[in-house]
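What follows is calculated from the coordinates using simple rules that are stated; it is not laboratory data. Just so we're clear, the structure is a prediction, and the values are computed from it rather than from any experiment. Here the Cβ positions follow ideal geometry from the backbone for every residue, glycine too, while neighbour counts run over all protein chains shown.
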Amino acid sequence: MKEMYCTEDKKDCINKKEVNNFIAETSNNISKRHNSERVAIVLDAETLKTTTTLEKHGFDSFNILIPNPYIYKKIAKKHLFTYNCTLNTLLNKHIYTKVDVAFFDYCCTFSGNIEVNPKKDILVYFKKKLPDKNSLFAVTFSKRDSKIKEPMNKARKYIMKTAKQYGYKSQLIYKKEYADHGAMFVLVYKIY
Ligand SMILES: C[S@@+](CC[C@H](N)C(=O)[O-])C[C@H]1O[C@@H](n2cnc3c(N)ncnc32)[C@H](O)[C@@H]1O
């Protein structure tokens with residue numbers, strides 16, 4: 001498995017910084033749980049930008065779970081709860097606790113590829129009823145999707161439908177399209 005994310009190019013990415021801060025601050029404002037109890041699942045890179053932002057806003061490092069089979073050793077050196085598996089395996093096999101922040105910060109499109117199937121990840125996350133009420137669910141996708149038209153609308157419809165199917169309400173509270181070595185979009189939902 002090969003790492004696709006260019007950490008060095010993205011280390012000062014203003015868009016990532018903005019969304020990481022938004023997620024961490026908003027979780028502080030909406031969660032009913034004590035800081036030390038809040039749990040996060042994040043796709044993070046070697047620089048641990050999402051993880052460190054959550055920690056700065058009160059998350060306990062032990063409650064931040066990072067799956068990453070691509071650069072497992074590099075991340076595991078810095079962060080205890082790093083899993084040498086994909087997000088899908090983590091969700092299916094290792095998580096039984098309620099989650100306050102899920103940031104599926106993908107590098108791929110909503111349609112995915114041979115290794116990553118975002119629809120399956122989103123489905124299992126809601127089907128297992130992992131989101132706590134008053135939690136945040138966020139995704140990033142590349143817009144260059146050759147398989148479907150209007151990928152952002154498709155992703156939005158799918159997230160709303162899947163959340164509803166398993167008894168959750170979802171409210172889109174942050175949406176941004178940006179060009180950063182490729183066109184991307186990010187969506188953040190309040191789940192309640
Ligand atoms: C976009 S980067 C994360 C950036 C980070 N959140 C930040 O704000 O700087 C996503 C990381 O997760 C990995 N990744 C992507 N899809 C994954 C999946 N389905 N399971 C596990 N890791 C994945 C990528 O290889 C990359 O290292």
Under 13 Å from Lys32, Cα to Cα: aspartates and glutamates that are on another chain or at least 8 residues apart: Asp100, Asp132
More than 23 Å apart - percent of Cα-Cα pairs taken over segment 7-191: 37
Cβ charges +1 (Lys, Arg) and -1 (Asp, Glu), total dipole of the chain, debye: 780
Entries of Lys129/Lys157; Lys56/Lys127; Lys128/Lys175; Lys119/Lys190; Lys93/Lys175; Lys133/Lys157 with Cα pairs more than 23 Å apart: Lys56/Lys127; Lys128/Lys175; Lys93/Lys175
Value of relative contact order over the chain, rounded to a whole percent, pairs C-alpha under 8 Å and six or more apart: 18
Residues Ala179 and Lys78, FRET efficiency given R0 of 30 Å [Cβ-Cβ distance, rounded to 0.05]: 0.55
Where labels lie 7 Å past Cα in the beta-carbon direction, separation of Asn92 and Lys56 in nm: 3.6
Interchain or long-range residues, amide H under 5 Å from Tyr106's placed H: Thr140
For segment 27-33, Karplus couplings with θ = phi - 60° (6.51, -1.76, 1.60), whole Hz, Gly/Pro x: 4, 4, 6, 9, 6, 8, 8
